[in-house]
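Structure record follows, encoded as structure tokens.
The values are calculated or read from the model by the stated rules, or taken from the named source; none is laboratory data. For clarity, every value in this text was computed on a predicted model and none was experimentally measured. When we count neighbours, we look across all protein chains shown, and the Cβ atoms used for this are built from the backbone with ideal geometry, even at glycine. Areas reflect the complete protein model, heavy atoms only, side chains present, ligands, DNA and RNA absent. Shrake-Rupley method; radii C 1.70, N 1.55, O 1.52, S 1.80 Å.
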Amino acid sequence: MKRIGNVYPTMQSVSNCERAIHKASEHKRSRIEVKEVLDDLTQRAKALPALIDNYVPSPYRKITRADGLKRKQRHILVPKFWPDQCVQHAVIDPLVPHLIKRMYYWSCGSIKGRGVKHAQRGIERATMRDPKHAKYCLQMDIKHCYENIRNEPLIAILHQFIKDKRALAVLERIVKSNETLPIGNYSSPWFCNLYLTPLDRFITEQIKPAHYVRYADDFVLLDSNKRKLTKAEKLIREFTEKHLFLSLHDNACVFKVRRAGENPKSNNRPVDFVGMRFCIGYTVLRKQNALALMRQSRKIQKALIEGKPINYKTASGFISRSAQLKHCRSHGLRVKYVDPIDIKILKGVIKGESKRQQRARSVVCRAEASPAAGQSHCNPA
């Protein structure tokens, strides 16, 4: 594929910089530092091209967060909103269409339109539509993917992708802002997907499994030939260590996928991927997600019986989890834990909280508005 060039003028255009600031400010507009930038949006958008040209990354703010149901500890490096986050959006967004064209269609995660549902469709096109070639599964994941992506190989891949020297100079400064790929940068998921594209190409062109889906650093291969997948495990390990300088977890194995009607105690097992368990002929919710839904349902039912208020976090969390049931076999869970709850009550809680936040933003904007100007530059949205 040809390298892209002459992308730097697009990065530095004022219209692109203004869009980048707006995009970087999403879900952060109540913060003081973000408001200051939005209040002076036109001048900041005009100043951003010069900052891109002479960009020097600011020190990161380090935080630790417990992620997911397993409460996995993740060390996140948070860049400053101005100018770092705005610069990253301005530099990466013009590259996104070219990045998506280069990526494998079933590489999912951190890409618009290619989230969990897209990955689920990728697995179900085998387990539901092509059961003949979904007999065996090889499931693998990369060990500490972001923390182990080194700067030099990533920069080399960027040079194979872009030929604009000025754009490469800015991208190199973003990459070199940390020894490895930091969790927290807007650019990191795009760099990670680009870095793993050679792996996608190797699997699809050299190994050629019947079905292959990757979600971030987890990937699944499905085929009717067990010996083919057993050989694929060794080849993939050699490729990732030799060419990508990454290592895979030792828990990878080839197993026979469970079919509808089989005894759950048999050695055959479902494909546990993106919060679902995929069997040939049906899909069910992952056990941990189902237990979380049950706990939330009992908590809400108890609060409704006792006449206690339901907080916003519980209401929004339950609606989000119950929506997962639309995409899998879930009649029993729905009848016992979802149907007894009036969803309209939970939606009312969410609507009330949204109105409260909107009123609070409006009050702040009116207070900050200049009486002489007669209007506020605040954007309540």
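General remarks:
- Test: residue in the stretch 204-225 that is among the polar types (S, T, N, Q) and surrounded by 20 or more Cβ atoms within 10 Å (Cβ to Cβ): no
- Filter result (within 22 Å of the chain's Cα centre (by Cα), charged (D, E, K, R) and within 21 Å of Arg125 (Cβ to Cβ)) within the stretch 197-250: Asp200, Arg201, Arg214, Asp218
- Counting the residues of the stretch 309-326 that are open to solvent by less than 40 Å² (accessible area, probe 1.4 Å) and either among the basic types (Lys, Arg) or farther than 26 Å from Gly115 by Cα (or both) gives 1.
- In the stretch 144-186, the residues that are farther than 17 Å from Arg102 by Cβ and among the small types (Gly, Ala, Ser): Ala169, Ser177, Gly184
- Within the stretch 102-146, the set of residues being in a strand (DSSP E or B) and among the polar types (S, T, N, Q) comprises Ser107, Gln139.
- Matching residues in the stretch 34-89 - criterion: being farther than 30 Å from Gln288 by Cα, surrounded by fewer than 20 Cβ atoms within 10 Å (Cβ to Cβ) and acidic (Asp, Glu): Glu36, Asp39, Asp40, Asp53
- Hits in the stretch 226-248 - residues which are open to solvent by 10 Å² or more (accessible area, probe 1.4 Å) and under 30 Å from Glu152 (Cβ atoms): Glu233, Lys234, Leu235, Arg237, Glu238, Phe239, Glu241, Lys242, His243, Phe245, Ser247
- Taking the stretch 263-283 as the range and being assigned to a loop (DSSP other than H, G, I, E, B) and in contact with a strand residue (DSSP E or B) (Cβ under 8 Å, 6 or more places away or on another chain) as the test, the residues that pass are Asn267, Asn268, Pro270, Val274, Gly275, Gly281.
- The condition of being closer than 13 Å to Ile142 by Cβ and buried (at least 19 other Cβ atoms within 10 Å of the Cβ) holds for only one of Asn251, Asn193, Asn185, that being Asn193.
- Options Leu194, Leu168: the member that is without any contact (Cβ under 8 Å) to a residue 24 or more places away in the chain and either in a helix (DSSP H, G or I) or over 15 Å from the mean Cα position of the chain (by Cα) (or both): Leu168
- Helices (runs of 4 or more DSSP H) contained in the stretch 1-96 and holding at least 3 residues touching a Lys or Arg at 6+ places or on another chain (Cβ under 7 Å): 32-39
- Qualifying residue in the stretch 296-305 (condition: modelled with pLDDT of 90 or more and closer than 30 Å to Glu124 by Cα): yes
- Candidates in the stretch 138-162 are the residues that are open to solvent by 50 Å² or more (accessible area, probe 1.4 Å) and touching a Phe, Trp or Tyr at 6+ places or on another chain (Cβ under 8 Å); of these, the one that is farthest from Thr127 (Cα to Cα) is Arg150.
- If you check Arg258, Arg329, Arg286 for being within 20 Å of Ile123 (Cα to Cα), open to solvent by 70 Å² or more (accessible area, probe 1.4 Å) and either basic (Lys, Arg) or touching a residue at least 60 places away in the same chain (Cβ under 8 Å) (or both), only one passes: Arg329.
- Complete set of residues in the stretch 13-41 that are touching a residue at least 40 places away in the same chain (Cβ under 8 Å) and closer than 10 Å to Ala90 by Cβ: Asn16, Cys17, Arg19, Ala20, Ile21, Lys23, Ala24
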